[in-house]
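J.: Below: one structure in structure tokens.
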Amino acid sequence: MRAARLIMGMPIEIEIVGEGESIRAALEDAFAYFTRVDEEFSTYKESSAISRIDRGELSLEEATEEMRHVFALAKAAKEETKGYFDIRRPDGHLDPSGIVKGWAIEEAAAHITAEGFKDFFVNAGGDIASSGHNADGEPWSVGIKNPFAQEEIVKVVYPRGRGIATSGSYVRGAHIYDPHDPEHPLDEVKSVTVIAPSVMRADMLATAAFAMGREGIAFLEGLPEVEGYQIDTTMTATMTSGFGRFMQSHA
Amino acid sequence: MKKAIIAAVVVAASALYLFIRTPAASATQPQPVPISANVPSTTSAGAPPAGASPSGTPSSGAASGSAPTAPSSGQYKDGTYTGPSVNAYWGYVQVRATVSGGKLVHIAFLQYPNGHSASQYINSQAMPYLTQEALSVQSANVNIISGATMTSMGFRQSLGAALSKAANS
């Protein structure tokens with residue numbers, strides 16, 4: 001059973017293989033979870049905890065355990081990417097959406113697993129956690145969008161339980177900037193897709209690699225258990241050395 | 001500091017690798033010059049073709065100052081050799097190699113991409129392993145699609161702008 005909702009300003013699509021009331025309920029639980037996360041972490045809601053922290057009305061110590069966890073994840077991400085991943089925007093405001101999305105997908109997937117389901121995927125805005133097999137008993141297949149023609153798929157991969165995420169400039173404009181040089185337009189690379197042990201890590205690394213421009217793919221190559229597929233403005237894809245093994249449906 | 005030294009050694013090894021594998025067959029100038037040739041890169045007339053044996057015609061002098069010296073016993077002729085500026089994907093790399101006693105004794109970086117603090121770390125290891133392909137459209141018969149979809153920020157900004165426009169008109 002598959003369902004989709006627009007939450008956190010993005011399409012969220014979840015499929016749990018099978019039919020029945022328990023699956024319907026699990027899907028609703030997952031969507032409700034994303035709505036709760038949005039209430040706490042939305043920078044667009046004045047009443048959200050993140051907006052109150054941003055305005056200095058709420059300290060991190062007073063915030064929820066979840067909020068502190070997200071801040072800790074963001075801090076580690078900033079260190080690992082040498083500042084390319086930063087939840088503080090150039091204007092000084094907090095915007096943790098780059099890490100909240102991946103984290104929320106992972107939590108939602110963990111909840112579905114805890115409810116006893118093995119075969120499912122959670123796709124929030126193109127960032128995907130998947131588990132087990134599809135309804136045909138095959139590994140889940142993921143198509144990477146053509147950044148030049150969005151209705152087209154230019155690569156098919158099988159993440160086999162790993163997380164996959166894509167960052168790019170083709171929809172959201174310059175929503176990702178180089179924190180070391182905010183004025184520099186990121187126009188050489190159109191999109192970066194990352195496969196990593198978790199979707200949160202894939203999401204964070206895709207964001208950071210995209211912000212690095214052409215060096216992003218080399219950065220990914222240097223990381224263990226991480227593979228990347230970078231599409232540049234010449235319509236050429238550059239991939240890391242281990243990416244090829246995800247192009248086959250079986251390991 | 002120890003890390004930095006190790007990183008530098010890895011960088012040097014990678015660059016040397018690049019330097020050596022640079023194709024030498026091109027007829028256009030400037031020519032890539034492999035280390036095994038006894039040809040300082042900026043020497044023009046009378047230079048033997050790149051890739052000539054080290055025992056070939058002695059060259060007239062090294063562009064970078066130190067002239068080749070007496071016959072050497074090693075694989076290379078003594079002197080200082082400047083390599084071509086090579087596009088190493090992330091930027092340009094150019095090195096100068098010093099041969100003494102027939103052996104490579106020093107490599108200096110004349111050009112090195114260092115626009116970002118992360119460059120050295122990144123460049124030192126990754127480049128030789130990356131592969132490229134031209135984009136080609138695949139079957140759209142997949143379970144899930146990954147792409148940079150419209151998320152919160154763009155969606156709401158766009159919506160907000162549209163609404164404020166609507167309000168003003």
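Throughout, read-outs are computed from the coordinates displayed, never taken from laboratory work. Note that the coordinates shown come from a computational prediction; the quantities given were computed from them, not determined experimentally. Here the Cβ is made from the backbone with ideal geometry for all residues, glycine too, and neighbour counts use every protein chain on show.
J.: What is the distance, in nm, between label points placed 7 Å from the Cα along the Cα-to-Cβ direction at residue A:1 and at residue A:33?
T.: 1.6
J.: Next question. Name the shape class, rounded, prolate or oblate, that the alpha-carbon gyration tensor gives for chain A, where a ≥ b ≥ c are the square roots of its eigenvalues, rounded holds for a/c under 1.5, and otherwise prolate holds if a/b is larger than b/c and oblate otherwise.
T.: Taking the square roots of the gyration eigenvalues as a ≥ b ≥ c, chain A is oblate.
J.: For residue A:152 and residue A:111, FRET efficiency with R0 = 25 Å and r from the beta-carbon atoms, rounded to 0.05?
T.: In this case the efficiency is close to 0.15.
J.: For the stretch A:2-247: lysine pairs with Cα atoms under 29 Å, gap of 8 or more or different chains, count?
T.: 20
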